[in-house]
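A short write-up of the structure that comes next.
The values are calculated or read from the model by the stated rules, or taken from the named source; none is laboratory data. Bear in mind the structure is a predicted one, so any value in this text is a computation, not a measurement. Cβ coordinates were reconstructed from backbone atoms using ideal geometry, including for glycine residues, and neighbour counts include every protein chain displayed.
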Amino acid sequence: MSGSRSARIGAAGLLLLLLWLIVYPLVLVLIEGLREPAGWTLDYVRLFFQRPSEWQALWGSLFISLASVVLAAAIGLPLAFLLSRYELFGGRILGGLVALPAVLPPLVGVMAFLFLAGETGFVSLLVQRALNLENPPWQFQGPWAILLVHAYSMYVYFYLFGRAGLASLDLSQYEAAASLGAGRWRTLRRVVLPQLYPSLAGAAILTFMSSLASFSAPYIFGGGYRVMTTQIVATRLNGENELAMVETISLTILALLALWLLRGTHAPDNPAGGRKGVAPARIPLRHPLTRRLLTGFAWVFAGVLLLPHLTLLLVSFVPLGTWTTEPLPPAYTVENYLALVRDPVRVRPLLNSLWLATVATALAVSLALLGGMLSARRRLRGGLIEGLMALPWAVPGTVFAIALAAAFSVHAPFAGRFILVGTVWILPLAYLVRNLPITSRAIFAGFRALDPSLEEASASLGAGRARTLRRVILPLLRPALVAGASLAFVTAFGDFVTSIMLYTYDTRPISLEILSSLRQSDVGVAAAYGVVLMLVSATVFALGAERGSGG
Amino acid sequence: MSFLRLEDLVKRFDGTVAVDRLSLSLDRGEMLALLGPSGSGKTTTLRLLAGFEVPDGGRVLVDGEDVTRLEPVARRFGMVFQHYALFPHLDAGDNVAFGLESLGVRGEELGERVARALALVDLAGFERRRISQLSGGQQQRVALARALAPEPRVLLLDEPLSNLDPTLRERTRREIRDVIRRVGITTILVTHEQDEAFDLGDRVAVLRQGRLEQTGTPDELYVTPANPFVASFVGRSSSLRVEVIGPSERGTRVRVGLAEWDLERTTSQPPLPPGPALMLVRPEALRLTAPGAGAVIATIRERRFVGPSALYTVVLEGGGAAIEIVAPQLAVRIGEQVGVMPSRRAGGGIHLFPDHLP
């Protein structure tokens, strides 16, 4: 049964599609970086190595990524310990609040920081007034600005993974350590941390890869600081296409190298759930002062974490050009939101992002489902299909944008290349490629959790393939499908990094409209878009959490 | 004519033979237990019958119809899976209805037949229960009801009791047996527990490494095992090397250690020629005596309480075999020397086989 003819043809077809969509464009990047009309050449590679700015960008990417991991861990881990080990006032609410940076898509988070700490930002103005300075107290620019944004948005990985890891530790482990005479520190060092290691490694990989691929923060706050993602875009704008290809290759190599170094450490499939045994009860803090101090600290910290969200909300109600130097806006309006609905020019990006993300998500879910059925179930080219679908995760979004742009700006049907750049089809395709790792990961995990004998039971009860799929597989996979689809939709809906290179005016998504509104100092509308993105993310996450826990 | 026939079934996985030229036949309404250690091919055999695997050779015939290549969907074999494989998103009633719906049963008739199937397994009124609300034993019975509801031609049970805790097992075993007897369906059951096989099977087929070692009623397997494997796998026994001296009036004369025993011929196999042989003894076929004439000297190594008698482990003189003997509780201590003799009614408890094992 595992090798039925149609299944084999399906697997081969899917494999070809994935190779064409994911591997082929990357190969073309490699070729374009090593070729000139006359033949093969290493000139561009040489050029790359000769320019100090390239080295700076490479080093910048590496430094930002490593430092982001350290900072994110430094914030996220203590928070995970604090909130899962100690009984604090309002601990459950705090636990939720602390994860809120996750609902800000990258560009929206960056915009919020701009309103908050940029030259004319909220906090900057307050400090300037308080100290009676003539100029803003700082320029929110350069590596430290990037790192601050990264630390803010990525400590959530360490926090969530750390909490999941701590929750999976059985109470009896603490009791066993105590009965063997280990004190609190020794228990932490010898029992807890070693078992947290897989979760932490998973969080570290996620943070590193996200930082390496990060585009919005360096693009807006980089100033003169070079990282590879922005460098690629700049080089391309300069018309040095081949050099951009070499840069793309270097960034890909860096990403793959990092993954290779951290190989064998796997992020848990479901960082938010799946605990075994009895989770340890929270420790009540006996000393009232300690309790108050820690509770106070946690609440203040949570408040600080919410500042970007609140600022965004505030700015979205500010009429155009009214808020200049006052600490709080002098006037409020809902015009910005009305503009999103009434003004056809403003409505368009919303509708664009909606249909682009919907199409890309639907396609990604269908492909992942097909892949899951063929490979997770029937063991047909399983490793290869799963590996290919996960590959775009290992490669920064900028790289894929470049690769797709390179592959689909040429008309050569026999080489599998069509002109899609400049059409409405390139963005759904790009989003699809970026969504595949997310959806396939969730759906493959769902298939693995599905007992194969359920399908056999269905068959032995006389149900054909279609009925088994409809009545048994799909209902049971629903949580995985919902999780994969919602995450993919949110990512595509707020995408900036691939869109900026592949969009056309007719398909401009929300992120690009935000950018152009910011350029025109139309901050209210930009913030309103940001709030919409934030709310969509929050709704989807909340739905996902509910479905996930509801089974 | 037999109702279900397996003819020379062969199944290979990556070069290893999981099922090796297996032939079996069952009469209509008969219940056969496939018994064997793990890896003996019994589950593969069941999956070949259900159609989840396609054999590399041989045929499966039901009522004269060749179903070897028939898809599981079309086979109309009911199966109870080891972990039940109940659909967790459907309630008990919808699980039972699933197979009936495949047959196109709808409306009132569907409800009636679901109710009947659930009543059969003593779960009347459980239609709207969620699977997670049922105990292990109840889940097991829902699985049985689900398999039986579409009135399959053959019922297959894969280790049906392995998921239940021991106290529940015996009761569930009786319930399963009663339900199957009442329905009168031809059944094949896979198990590695001989109690289960003996209790449920009209006949038991012992498998090893994909091959059929022996088929027979439980009594036949115990009293006349075809080979050392069946003798040691079915029931408790110890094995020791002996030497056949030759035929005697009662049966066979053998040398065990320094003693000579005159054994009744019990097994149906032909008498062994003089020379080394393998002897398998049931614990109840030997007795402990004072060390003396005709007895093998042995040392008590262990004594376990098993009710009115005790299970002794003794080591025979001259090193080597440790054997188990059931005997009344005696005042013997660990380390004490005793004599070992065949019981007067050793009957079916001692088996001699040619010693061709390494």
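Points worth noting:
- For first residues located in the range B:184-204 and at positive phi, partners that are part of a loop (DSSP other than H, G, I, E, B) and surrounded by fewer than 23 Cβ atoms within 10 Å (Cβ to Cβ) and lie 6+ apart or on another chain with Cβ distances below 7 Å form the pairs B:Gly184/B:Gly29.
- Within the range B:69-83, considering residues that are among the aliphatic types (A, V, I, L, M) and at the interface with chain A (Cβ under 7 Å from one of its Cβ atoms), the one surrounded by the most Cβ atoms within 10 Å (Cβ to Cβ): B:Met79
- Among residues of the range A:360-369 being among the small types (Gly, Ala, Ser) and surrounded by 22 or more Cβ atoms within 10 Å (Cβ to Cβ), the one that is farthest from A:Ala449 (Cα to Cα) is A:Ala360.
- In the range A:62-79, the residues that are more than 17 Å from the chain's Cα centre (by Cα), among the small types (Gly, Ala, Ser) and within 16 Å of A:Ala145 (Cα to Cα): A:Ala67
- The set of residues from the range B:32-56 being away from chain A (no Cβ under 14 Å) and surrounded by fewer than 21 Cβ atoms within 10 Å (Cβ to Cβ) comprises B:Pro37, B:Ser38, B:Gly39.
- Looking across B:Glu196, B:Glu243, B:Glu249, B:Glu220, one residue alone is of a type outside the set (A, V, I, L, M), more than 20 Å from B:Val326 (Cα to Cα) and part of a loop (DSSP other than H, G, I, E, B). It is B:Glu249.
- Extreme residue, surrounded by the fewest Cβ atoms within 10 Å (Cβ to Cβ), among residues of the range B:8-17 that are within 14 Å of B:Leu49 (Cα to Cα) and aliphatic (A, V, I, L, M): B:Val10
- Unmet requirement for B:Ala18, which otherwise passes all of (1) touching a residue at least 60 places away in the same chain (Cβ under 8 Å); (2) small (Gly, Ala, Ser); (3) within 14 Å of chain A (Cβ to nearest Cβ): (3)
- Note on the range A:189-228: residues that are under 19 Å from A:Leu256 (Cα atoms) and in contact with a Gly (Cβ under 8 Å, 6 or more places away or on another chain) total 5.
- Restricting attention to the range B:84-138 and to residues that are within 14 Å of chain A (Cβ to nearest Cβ) and touching a residue at least 60 places away in the same chain (Cβ under 8 Å), the residue that is nearest to the chain's Cα centre (by Cα) turns out to be B:Tyr84.
- Selected residue (only one of A:Val70, A:Val23, A:Val98 is over 30 Å from A:Asn241 (Cα atoms) and surrounded by fewer than 17 Cβ atoms within 10 Å (Cβ to Cβ)): A:Val70
- Test for B:Tyr312: is it within 30 Å of the chain's Cα centre (by Cα) and part of a helix (DSSP H, G or I): no
- Among the residues of the range B:1-40, those that are more than 15 Å from B:Thr215 (Cα to Cα) and within 15 Å of the chain's Cα centre (by Cα) comprise B:Pro37, B:Ser38, B:Gly39.
- Where helices (runs of 4 or more DSSP H) sit wholly within the range A:370-480, those with at least 1 residues that are within 14 Å of another protein chain (Cβ to nearest Cβ) and surrounded by fewer than 17 Cβ atoms within 10 Å (Cβ to Cβ) occupy A:426-449, A:452-460, A:465-468.
- Qualifying residue in the range A:339-349 (condition: in contact (Cβ under 8 Å) with a residue 12 or more places away in the chain and closer than 23 Å to A:Phe122 by Cβ): yes
- Members of the range B:327-349 found to be at pLDDT 85 or above, in contact with a Ser or Thr (Cβ under 8 Å, 6 or more places away or on another chain), assigned to a strand (DSSP E or B) and not small (Gly, Ala, Ser), listed by number: B:Gln337, B:Val338, B:Val340, B:Met341
- Residues of the range A:70-99 satisfying the condition of being assigned to a helix (DSSP H, G or I) and touching a Pro at 6+ places or on another chain (Cβ under 9 Å): A:Ser84, A:Arg85
- B:Arg181 meets all of the listed conditions (1) surrounded by fewer than 18 Cβ atoms within 10 Å (Cβ to Cβ); (2) away from chain A (no Cβ under 14 Å); (3) under 16 Å from the mean Cα position of the chain (by Cα) but one, namely (3).
Here's the yes/no breakdown for (1) in contact (Cβ under 8 Å) with a residue 40 or more places away in the chain; (2) within 26 Å of A:Pro437 (Cα to Cα); (3) loosely packed, with under 15 Cβ neighbours inside 10 Å:
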| site | (1), (2), (3) |
| --- | --- |
| A:Leu126 | yes, no, yes |
| A:Val156 | yes, yes, no |
| A:Tyr159 | yes, yes, no |
| A:Asp170 | yes, no, no |
| A:Gly183 | no, no, yes |
| A:Thr187 | no, no, no |
| A:Ser211 | yes, yes, no |
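- B:Gly29 fulfils the conditions (1) within 14 Å of another protein chain (Cβ to nearest Cβ); (2) under 27 Å from B:Phe98 (Cβ atoms); (3) surrounded by 14 or more Cβ atoms within 10 Å (Cβ to Cβ) except for a single criterion, (1).
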